[in-house]
1. Using beta carbons and a limit of 7 Å, which pairs, at least six apart or on different chains, have the first residue in the range 214-233 and free of Cβ contacts under 8 Å to residues at least 12 places away in the same chain and the second one surrounded by fewer than 18 Cβ atoms within 10 Å (Cβ to Cβ) and assigned to a strand (DSSP E or B)?
2. In the range 251-265, how many residues are closer than 16 Å to Ala226 by Cα, buried (at least 22 other Cβ atoms within 10 Å of the Cβ) and aliphatic (A, V, I, L, M)?
3. Out of the range 155-174, which residues are within 17 Å of Arg241 (Cα to Cα) and in a helix (DSSP H, G or I)?
4. Is it the case that Gly330 is surrounded by 19 or more Cβ atoms within 10 Å (Cβ to Cβ), assigned to a strand (DSSP E or B) and assigned by TED's automatic domain parsing to the domain that holds Phe376?
5. Output the residues belonging to the range 405-445 that are aliphatic (A, V, I, L, M) and exposed (fewer than 14 other Cβ atoms within 10 Å of the Cβ).
6. Yes or no: the range 154-166 includes at least one residue that is modelled with pLDDT of 75 or more and among the aliphatic types (A, V, I, L, M).
7. Among (1) closer than 28 Å to Gly234 by Cα; (2) exposed (fewer than 12 other Cβ atoms within 10 Å of the Cβ); (3) not hydrophobic (A, V, I, L, M, F, W, C), which single condition is Tyr158 missing?
8. Please tell me if Ser238 is assigned by TED's automatic domain parsing to the domain that holds Val326, touching a strand residue (DSSP E or B) at 6+ places or on another chain (Cβ under 8 Å) and at pLDDT 95 or above.
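The values are calculated or read from the model by the stated rules, or taken from the named source; none is laboratory data. In this text the structure is predicted, and so the values were computed from the model without any measurement. We place every Cβ from the backbone using ideal geometry, glycine too, and count neighbours over all the protein chains shown.
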Amino acid sequence: MSPPLSRRQAERRGLRLWPVGLVLLLAFTAAIVVAAAVFYTGWDLLSARELKPERLIDSKTLFDLVKLSFGVVAGAGALVALVVAYRRQRVDEDGALRDATRLHTERFTTAVSQLGDESAAVRLGGVHALAGLADDAPTRELRQTCIDVLCAYLRLPYTAEAELPADDAEARHSYLALREVRHTVIRLIRDHLRLPLKHQHSWQGHDFDFTGVTFDGGDFSRATFAGGLVSFSGATFSEARVDFHGATFSADVVSFGQATFSGAKVDFSEATFSGAKVDFSEATFSGAKVDFSEATFSADVVSFRMATFSGGAVGFGQATFSKGLVSFRGATFSGGLVDFVGATFSGDGVDFSEATFSGGGVDFVGATFSGTRISFAGATFSGARVDFHRATFSEARVDFDWATFSGDRISFRGATFSGTRFDFRAATFSGGAVDFSGVTGRAPSGLVPQSRSPLPTGLTLPADWHPTAP
């Protein structure tokens, strides 16, 4: 068993201060070094070479020496007073912090107890109390703790309205009460994320963990998720409307990986996604309307890898992809519509390699691809419609190498090409069609065979591109 701490040790357990003797020694040493540096700098600036010897000291010189001695003593005393005052201030500040932390802990315990109460009104009070505690938290860590509890409350098991018994009025009332508490949590988080970063009550820069949360409504519009980690991994967006309109996601990692969008309307219109990675990998879109129109993606990686689109509509109309890689690698499109109408791609590339298009449609009408690469390498087209009507390709590269076309149609009708290269190496056509009729510009390199050999069945080119043209 460790020996009990003395009162002085106990008081300073949270504040580590060097021994006062050591501090004074270091302070005097530093003062002497600085004084010597100033003296020798002045000596050098005056170009002095040596001192003039004085064999006799007159009364004026003696008086100056006495004044200098008193000045040194006064300076030393002032230095000691400064060190002692600084240490006293540190001790006082530490004591104030301990008192504030103790009070915060007491209030925190009360607020958490309210969250667990059976009464919805008491729980609402607990939510507001926790938000107020986060605002008043004496340290960043304590504020993060309050935020973590609010997010954890949303992660608790939750029965959606559609799963309630139709004739159970009491269950419905309980659901509505719980829903109000949950939406209050969301609203308070949003309000604090709308505050400027330098505002004392702003929650920007903190972590937000919504992993596995069921959202049946909620408003995050114009919120700013900056810094830290933002996770909606495995979340479910079902029914109602969840609004991220105009939100800014600039955290290091923003994750919607394995999230499910079903039957809801989720609005990301005019949102901004930046930072290192925006992750929608393995997300499922089935029957929902998800709107990314006019959104801006400037993250290093925007990933929809292995995502499933099986119904509803996902719209990227007029969106801007200006940096990094946009990946739909291995995604499955088996229903619904994915819309990139009027979108602009100028980043590192757009990757649909190994994706499966077996139903629904992917629409790039009027989209612009500038200096980027679009890859459908190894993709399978067997029933979906992919439309690049009136799209513009400038200094782009489009790869369909090893792709399989069987029973669907890819249209480039009315598209414009400038300095673009196509690659259909080892592509297989067995019932599908790729249509370039009505396009503008010179034939992209890699598309038209150099010889007069016939085109692959299903590939339609304008007359002036055809290898048999005179």
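1. none
2. 2
3. Glu161, Ala162, listed by residue number.
4. So Gly330 does not fit the description; no.
5. Scanning the range 405-445 gives a single hit, Ala426.
6. Yes - at least one qualifying residue is present in the range 154-166.
7. The failed condition is (2).
8. No; evaluated as a whole, the condition is false for this residue.
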